[in-house]
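Worksheet for the structure shown next.
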Amino acid sequence: MKIKFSLFSISLLVILIACNSTYTSTSKNIMYGGANKSINLFAFVGKRISVIEFDPNENKEDLPTGEYEIDEETGDTLKIIKKKYIMDRAFKCKYRVIRKMFNYLESDTVEFIAYDHYGTPGFAQSDTVILYISKSKDGSHYIHQKYQYDNVYINKEGHYYSYPKFNGSESSETIQSLTSFDKIFSNKKYDVSNLNSDVIKIYYPYQFYKIENKFAIPIKGIYLNELINYRLQTTFKDL
């Protein structure tokens, strides 16, 4: 009985350690995701419920700066007041969590705030996407990682997948190490007409994109476990 108990204890310890580390399984279908409490990131496949714009400056308060100036007309001493102003457009978003990829959200729906300097967030254009959010500094709400999302697809076997995006900071070793499969995403075209050949090689490497009629088209797919591990090594390495 002591031997059996010891084996059970060891197995349980292994499971608990695994739950607190980055997901590295080669499974094509992430059923449970991975977890690392030290990383302020939650990644999931989400289905849009609502994306509603609001005024982020509506309740901003005037803040004293501790500085003073003299009024030119009256000669009075005036306290200088500074008003914090958010230049981005802001959106209250609500999504249904279809598949958890990294760290554990408490329910099957999640609400978060997204900021975008250019208009409506790109992820809102699709019903279902891969989203990346973090807790606010005070822990009171979730905030979308600005501009970060991935398109998501599902094959006949029920496996979710996407394709990699590159920001130019990836090493050639990182790019070469990505495990992928052949898949042409003909509905995703990125205009490269204003980019020179060197820039195209950086953002649309030939291993993952083909250039056709001045557009870059993804030609390789990656499964979700590969995608989140890649994102943790690149985009979110400093979280």
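The values are calculated or read from the model by the stated rules, or taken from the named source; none is laboratory data. Bear in mind the structure is a predicted one, so any value in this text is a computation, not a measurement. Counting neighbours? That spans all protein chains shown, and the Cβs are built from the backbone with ideal geometry, glycine included.
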Given (1) buried (at least 20 other Cβ atoms within 10 Å of the Cβ); (2) more than 30 Å from ASP55 (Cα to Cα), ASP191 misses just (1)
Counting only residues that are surrounded by fewer than 17 Cβ atoms within 10 Å (Cβ to Cβ) and either touching a residue at least 24 places away in the same chain (Cβ under 8 Å) or touching a Ser or Thr at 6+ places or on another chain (Cβ under 8 Å) (or both), region 126-144 contains a total of 5
A careful count of residues in region 137-158 that are under 16 Å from the mean Cα position of the chain (by Cα) and among the acidic types (Asp, Glu) gives 1
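Please state which one of ILE184, ILE175 is assigned by TED's automatic domain parsing to the domain that holds TYR203 and in contact with a Phe, Trp or Tyr (Cβ under 8 Å, 6 or more places away or on another chain).
ILE175
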